[in-house]
Amino acid sequence: MIQTKNFEEREYDYEYISQNEFWIPKYTKNGNFDKVEIDVVKFSNFLYRHGFRRYDLQDDSIFIQIVNDRIFKPIQLKHIQDFVFNWIEEKLPKVLDDKNFFRDHLTGKFISGIQYYFNKQRLYFLQPREPIVFNKCTRSKQYFYYLNGFVEITREAVKFKKYDQLGGYIWQSEVLDRNFLPGAVHKDNTVSRFIKYVSDETKPSRERALRIAIGYYLHQYTEYKLKALVLTDGSSEADEANGRTGKTLFCRLIGHMISANPFDPSIKSYVEINGKDFDPRDKHKYSKAGPDTKLIILNDLKPYFKLDPIYNDITDFQTIDKKNMQPFNIRAKLILTKNKSIDTSGASDRDRILEFEFSNFFNEDKTPESVFNHWFFTDWNVEQWAAYDSYMCQCSRMFLENNCKLEQPEQINLTARKLKEHTPEGFLDFVNEVWRPRFNYPYECKEIYQEFLNEYPDHQRGKMTHAKFTKALKMWCNLTENVKRWDKDKNIVRQKSINTDKQERHYIILKEEPKIQENENEQF
């Protein structure tokens, strides 16, 4: 208990100090100060009163702090240490009583016992006394949080509300560092024109599909079938797919609605990972993410990246394995960007992704900065931010209006690029110019392969194995419209050989597309 006011000019709140005391001064027999002890129960209550809590993950726990009545932020032990030392320095006078008990004695006590008082196991006693219930999006509602309140979006409307109407807690990283301005005009602004340009203005349905995809990623509800959006370039020639079409900027347009600052590595709600360094076999591959991560961008993946190692990451969850910490799982959505197309030979690939080609409107010479005469985000004024917020909220509403379903975009050159980029040299010339198969006839794959080798004898030296040819043929069947999709179970004919062993013979059947007859009485 502080017994006297000292001679400092600064005024201190002694009632507040008395309510927060967690130290016990000890005195010698003659009444002089001897040492100070810490009441660990009172110290724990002190930290609890100042908003520090334990937050449990699957097999581990982290620490969080209440910023205000409805906002949490994740912290580390060093942040608790900093708070205690700063509190002592700012809230306590230099002299704590008239028996030579000084503030520095209390600071020294913590410094000498820092591993004891700030021990992770000891601080586990900061378990919440009431359940921490977060305010979450539902299948029919989406939320965005701003400095001056939050936005609630449904199929019917976009509504702005004050925080006293918020039902649960939120992460501080979810609070956008700006105010929301209701009534802002979102049509024909910088962002809307950017989306039109990258979608290809000659194909209006693509803009709608991309806006719905934006709504999907802004929707932080995950209890439906998840897919990964794969952004690629729409150049007609594979060799022209050199990037600079706006894919990264598109991702950051979403990021600025999810994170207070997508460029701040300490904020984990939006995470970009360099695709060139991404190894799907590395257990630490998502170590940049945190418990509050909502969106992970795998940016600029390697040319021949395969999807199958991250199947579960797309549809189920990601395991976050950080050094010196127990792994835990999160369910964040993924966006993959790649200059070239991605190999989707199997049905499992196609079932997990939505591919979108960016038009060649932007390129190395024609950048968004040169077209719009400013830098996105950093050069925006209040009105431009307000128009951006309004536009993105309407994208969220479009996704809800579409029953939380993505739309398959019309292609630019995707099929042609896939076939060119993922089949061996000479294969396309063979199937298009040499083989010339007829409709409704079963072709055995081995016979086609032999015909290919007869036409291209150089491949007999091992350049084209039967397995490579079959894989290319499978992709061609899946991507060519007038070919019946490859079905390993239905298109196998089993026959007994002379030694009675069963042999699998793979067949494909080319299916003629039915002609569409125009209806003269059709009403427009």
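The values are calculated or read from the model by the stated rules, or taken from the named source; none is laboratory data. The structure presented is a predicted model; accordingly, all values stated were derived computationally and were not measured. Using ideal geometry, Cβ is built from the backbone for each residue, glycine included, and neighbour counts are taken over all protein chains shown.
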task: Please state which one of Arg331, Arg352 is farther than 20 Å from Leu419 by Cβ and within 11 Å of the chain's Cα centre (by Cα).
output: Arg331
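Let's see how each residue does on (1) among the aliphatic types (A, V, I, L, M); (2) in a loop (DSSP other than H, G, I, E, B); (3) over 18 Å from Pro409 (Cβ atoms); (4) under 24 Å from the mean Cα position of the chain (by Cα):
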site: Val191; (1), (2), (3), (4): yes, no, yes, yes
site: Lys196; (1), (2), (3), (4): no, no, no, yes
site: Ala213; (1), (2), (3), (4): yes, no, no, yes
site: Tyr216; (1), (2), (3), (4): no, no, no, yes
site: Tyr221; (1), (2), (3), (4): no, yes, yes, yes
site: Leu229; (1), (2), (3), (4): yes, no, no, yes
message: When the residues of the stretch 65-91 are narrowed to those that are within 19 Å of Tyr124 (Cβ to Cβ) and of a type in the set (Val, Ile, Thr), which ends up surrounded by the most Cβ atoms within 10 Å (Cβ to Cβ)?
response: Val84
- request: Taking the residues in the stretch 149-189 that are polar (S, T, N, Q) and under 25 Å from the mean Cα position of the chain (by Cα) as candidates, determine which candidate is surrounded by the fewest Cβ atoms within 10 Å (Cβ to Cβ).
  value: Asn179
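Would you confirm whether or not the stretch 329-341 contains a residue that is surrounded by fewer than 18 Cβ atoms within 10 Å (Cβ to Cβ) and out of contact with any strand residue (DSSP E or B) (no Cβ under 9 Å at 6 or more places or on another chain)?
No: the stretch 329-341 contains no residue that is surrounded by fewer than 18 Cβ atoms within 10 Å (Cβ to Cβ) and out of contact with any strand residue (DSSP E or B) (no Cβ under 9 Å at 6 or more places or on another chain).
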message: Would you confirm, using the coordinates I've provided, whether Lys78 is over 26 Å from Leu166 (Cα atoms), touching a helix residue (DSSP H, G or I) at 6+ places or on another chain (Cβ under 6 Å), basic (Lys, Arg) and at pLDDT 90 or above?
response: no
field: Matching residues, the stretch 407-423, being of a type outside the set (S, T, N, Q), in a loop (DSSP other than H, G, I, E, B) and out of contact with any helix residue (DSSP H, G or I) (no Cβ under 6 Å at 6 or more places or on another chain)
entry: Ile412
- prompt: Just a yes or no: is a residue in the stretch 248-269 touching an Asp or Glu at 6+ places or on another chain (Cβ under 9 Å), part of a helix (DSSP H, G or I), more than 26 Å from Tyr224 (Cβ to Cβ) and modelled with pLDDT of 90 or more?
  reply: yes
- prompt: When you look at Phe377, is it under 28 Å from Asp292 (Cα atoms), in a loop (DSSP other than H, G, I, E, B) and among the hydrophobic types (A, V, I, L, M, F, W, C), yes or no?
  reply: yes
Search result, residues across the stretch 333-357 that are touching a residue at least 60 places away in the same chain (Cβ under 8 Å) and part of a loop (DSSP other than H, G, I, E, B): Lys338, Asn339, Lys340, Ser341, Ile342, Asp343, Thr344, Ser345
statement: Of the residues in the stretch 63-109 that are free of Cβ contacts under 8 Å to residues at least 40 places away in the same chain and basic (Lys, Arg), the one that is farthest from Phe33 (Cα to Cα) is Lys78
task: Kindly indicate whether any position in the stretch 491-505 is surrounded by fewer than 17 Cβ atoms within 10 Å (Cβ to Cβ), at pLDDT 55 or above and not basic (Lys, Arg).
output: yes
- request: Could you please tell me which pairs satisfy a Cβ distance under 6 Å, a separation of 6+ or placement on different chains, a first residue in the stretch 289-315 that is farther than 16 Å from Glu174 by Cβ, and a second residue that is acidic (Asp, Glu)?
  value: Ile297/Glu272; Asn299/Glu272; Leu307/Asp349
- request: Output the residue which, of all residues in the stretch 309-325 that are of a type in the set (Asp, Glu) and under 14 Å from the mean Cα position of the chain (by Cα), is nearest to Gly290 (Cα to Cα).
  value: Asp313
message: If a residue must be assigned to a helix (DSSP H, G or I), aromatic (Phe, Trp, Tyr) and either under 30 Å from Ser199 (Cα atoms) or at pLDDT below 85 (or both), how many such residues does the stretch 431-455 contain?
response: 1
message: If a residue must be under 30 Å from Ala289 (Cα atoms), in contact with a strand residue (DSSP E or B) (Cβ under 8 Å, 6 or more places away or on another chain) and surrounded by 15 or more Cβ atoms within 10 Å (Cβ to Cβ), how many such residues does the stretch 21-64 contain?
response: 10
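For (1) outside the structural domain of Ile353 (by TED's automatic domain parsing); (2) touching a Pro at 6+ places or on another chain (Cβ under 7 Å); (3) in contact (Cβ under 8 Å) with a residue 60 or more places away in the chain; (4) among the acidic types (Asp, Glu), each residue gets a yes or a no:
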{"residue": "Phe194", "(1), (2), (3), (4)": "no, yes, yes, no"}
{"residue": "Tyr197", "(1), (2), (3), (4)": "no, no, yes, no"}
{"residue": "Asp200", "(1), (2), (3), (4)": "no, no, yes, yes"}
{"residue": "Ile212", "(1), (2), (3), (4)": "no, no, yes, no"}
{"residue": "His219", "(1), (2), (3), (4)": "no, no, yes, no"}
{"residue": "Thr222", "(1), (2), (3), (4)": "no, no, yes, no"}
